[in-house]
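Bear in mind that the values in this text are calculations on the coordinates, not laboratory data. A quick note: this is a predicted structure, and the numbers were derived from the prediction, not measured. Cβ atoms come from the backbone with ideal geometry, glycine included; neighbour counts cover every protein chain shown.
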Amino acid sequence: MSTAMEQVPEVPARLVFASGEWTEARARVIERSPAWRRSSALANLSLWLLIPLVFFIPPHIPWVLLVFFLGAYRAFNRFREQRTLVSLRGKCPKCGTEQEFSELGRMKYPHVVRCSNCQWDLRLEAPLAGAAS
Ligand SMILES: [Zn+2]
């Protein structure tokens, strides 16, 4: 899985500070197809197969509810994961610190990352893969 992720090309992106200042960053983004989102959501729903097993652990019902909602939550997030951020590095537009950001995974709209040095929130703007850069 990690080798497949490293094959995702880096694209130019922008880190935008609230005042409008921005810097160029490098991001690796995977565009997710509706088919991937459906099958990935279903795979997470398979967590529900554990429900009959955890039911035997006292106090029974809380475990069943936990596994049920955990599976539903993970499946829901996968279903709305249209883009996955694999890596992001760049310079903070506020303090200029070059860094590797850790807020990866499902991209939110807007996707906000935090500078490890000045602790300000930065908005990530990444073009769609295949779009002219
Ligand atoms: Zn900073």
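Evaluation of Ala126 against the conditions (1) surrounded by 15 or more Cβ atoms within 10 Å (Cβ to Cβ); (2) touching a Phe, Trp or Tyr at 6+ places or on another chain (Cβ under 9 Å) shows that the sole unmet condition is (2).
Against the numbered list (1) over 30 Å from Arg114 (Cβ atoms); (2) free of Cβ contacts under 8 Å to residues at least 24 places away in the same chain, Leu45 comes up short only at (2).
A count restricted to segment 89-100 and to residues that are more than 9 Å from the ligand (Cβ to nearest atom) and in contact (Cβ under 8 Å) with a residue 60 or more places away in the chain stands at 2. The residue of segment 104-118 that is farthest from the ligand (Cβ to nearest atom), among those that are in contact (Cβ under 8 Å) with a residue 12 or more places away in the chain, assigned to a loop (DSSP other than H, G, I, E, B) and over 17 Å from Val8 (Cβ atoms), is Pro110.
Of everything listed in (1) in contact with a strand residue (DSSP E or B) (Cβ under 6 Å, 6 or more places away or on another chain); (2) not in a loop (DSSP other than H, G, I, E, B), the single unmet condition for Pro93 is (2).
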